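In what follows, a structure is listed as structure tokens, so that the remarks can point back to it.
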Amino acid sequence: MNISTSSQMASSSPDAPCSCDCFVSVPPASAIPAVIFAKNSDRPRDEVQEVVFIPAGTHVPGSRLQCTYIEVEQVGKTHAVILSRPSWLWGAEMGANELGVCIGNEAVWTKEPVGQGEALLGMDLLRLALERSSTAQEAVHVIAGLLDRYGQGGSCREDPEPFCYHNTFLLADRTEAWVLETAGSLWAAQRIQGGARNISNQLSIGTDISAEHPELRSHAKAQGWWTGQGLFDFAEVFSLTQQPVRMEAAKARFRAGCEMLQRHQGNITTEVMMGILRDKESGICMDSGGFRTTASMVSVLPQDPTKPCVHFLTATPDPSRSVFKPFIFEVGVSQSPQVLSPTFGAQDPVRILPRFQTRVDRRHSLYRGHQAALGLMEDEQEQAQQLRKKQQRLEQEGLEALRGLLTGEQTPPPQGLGSLFQAFVEREEQAYA
């Protein structure tokens, strides 16, 4: 039975936080011998995103793991991860693990109904995949298995009015990338072994399907969405005939992202990806109504396994007025307290039923300093220019450190690399003092 468009659109309000953009460049599209991953996380305007380091762990067989809403069975070993996440939930909008796997997710609506019941959020699936996968391809299978066992669902924003969606994912490692697009527990995946690719809140996998749910086509046929004749186009078969407003707007961002990647084909660098994430004209750097780009990430994953992966994270809103700071999994890496939000334990509104009846102040130290600086930049033009120059100089140092590591010109001690992100966070905070 086909689902009416109106029931789907009821899940999306005009200010719904349903726009994000993910990008990847796989050689020969990259200017360097590395896969480059990037994402803007567009969320409710006042939502705080923290950067959380979770060390590798070993776990008791059969133990349970509490995610945002539900428990799942834990695995014996988990990888260390760095996550950029809305501070009220367990999962993450984007992140990387110690083996160089990166994932970003996006909201999507399809002909499959979006349930109101609590299950795994797409952001929970993202974190679970990072903790459990050694390659992007393995991460695809981890998410597929979790979807089959637990499903996806639950409100995706900190608000008493539920807001639910399904998810698409861009996954990358040192050698390749995958796009994984879901519709309920069903899914299709596309492998990218060369070139550039982006996703923006819509189904984008057509007939070039590398892997799929075993019942994907039979379900589409049973629902009357596909005749069973000719090529199977996943996006065409599963996309809503009439899209929610925000998904229509995403088409323009998707096209703009495609054009920017194409323009730099063969010459895509870290700086190019940062520039794309900062592009306001296209809407990729979002600032509209009730939501905006609340955090950003760019990761450089060298094909040479002897060179470290470098993950640049902002931990603050609006990449055009933020600093991308380098994080490296190395000796001495630990949590940076300045980008960690306060916790509220059992008194957290996400834990008290009914959920989200009250609000708490989740701002971390760097967020507070950055917001005060942004206010100053809007009021005082001269001081704004000076502050922006400080931000640019700091970011440039991080990019120069990356270049030195990739060329072998710099070989700092491992403990120096492990504390790099913390050092940059401290210097940024000092700039705002």
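The values are calculated or read from the model by the stated rules, or taken from the named source; none is laboratory data. None of the values given here were measured: they were computed from a predicted structure. All Cβ positions, even for glycine, are placed from backbone atoms using ideal geometry, and neighbour counts span all protein chains on display. Note: areas computed on protein heavy atoms with side chains; ligands, DNA, RNA excluded. Shrake-Rupley method; radii C 1.70, N 1.55, O 1.52, S 1.80 Å.
Percentage of Cα-Cα pair distances in region 357-433 greater than 17 Å, rounded to whole percent?
Roughly 57 percent, once rounded to a whole number.
For the pair Thr407 and Asp159, label points projected 7 Å from Cα toward Cβ lie 4.8 nm apart. For region 313-331 versus region 380-433, the inter-centroid distance based on Cα atoms is 9 Å. Taking a straight line from the alpha carbon of Lys325, these lysines sit under 23 Å away, with near neighbours fewer than eight places off in the same chain left out: Lys39, Lys280, Lys307, Lys389, Lys390. Applying 1/(1 + (r/R0)^6) with r as the Cβ-Cβ distance of Glu271 and Thr175 and R0 = 30 angstrom yields a FRET efficiency of 0.85. Relative to the 2.2 N^0.38 Å rule of thumb, region 50-115 has a C-alpha radius of gyration ratio of 1.29. GNM remark for the chain: springs join alpha carbons under 10 Å apart, and the peak mean-square fluctuation among Leu126, Leu387, Leu417 falls on Leu387. Please list log₁₀ I(q)/I(0) at q = 0.11, 0.17, 0.21 Å⁻¹ for region 136-265, using the Debye equation with identical point scatterers on the alpha-carbon positions. For region 136-265, the Cα-only Debye profile gives -0.44, -1.05, -1.43. Across the options Leu231, Ala211, His264, the greatest Cα extent toward the positive end of the charge dipole of region 202-271 (unit charges at beta carbon of Lys, Arg, Asp, Glu) belongs to His264.
Pairwise Cα distances in region 196-260 exceed 16 Å for 54 percent of all pairs.
With a 1.4 Å probe and all protein chains kept in place, how much accessible area does Arg363 have, in Å² rounded to the nearest 10? Here the accessible area works out near 100 Å². Rounded to the nearest 20 debye, the dipole size of the chain about its Cα centre is 80 debye, using +1 on the Cβ of Lys and Arg and -1 on the Cβ of Asp and Glu. For the chain, the fraction of 1.4 Å probe accessible surface lying on carbon and sulfur atoms is 50 percent. Secondary structure note: in the chain, about 95% of the DSSP beta bridges are antiparallel.
Accessible surface for the chain, divided over its residues, is 39 Å² per residue with a 1.4 Å probe.
Just to be sure I understand, if you calculate Cα Rg over 2.2 N^0.38 Å for this structure, which of (i) 0.98; (ii) 0.94; (iii) 1.35 do you get? Answer label, from the structure shown: (ii). I'd like the FRET efficiency for Thr358 and Val60, computed as 1/(1 + (r/R0)^6) with the beta carbon distance as r and R0 of 35 Å, rounded to 0.05. Result of the calculation: an efficiency of 0.50. Annotation: amide H-H contacts under 5 Å for Asp21 (H modelled 1.01 Å from N, sequence separation of 5 or more, or interchain): Asn40, Asp42. Which of rounded, prolate, oblate describes region 282-417, given a ≥ b ≥ c as roots of the alpha-carbon gyration tensor eigenvalues and a/c under 1.5 marking rounded, otherwise prolate only if a/b is larger than b/c? It is oblate, given that a/c is not under 1.5 and a/b is not larger than b/c.
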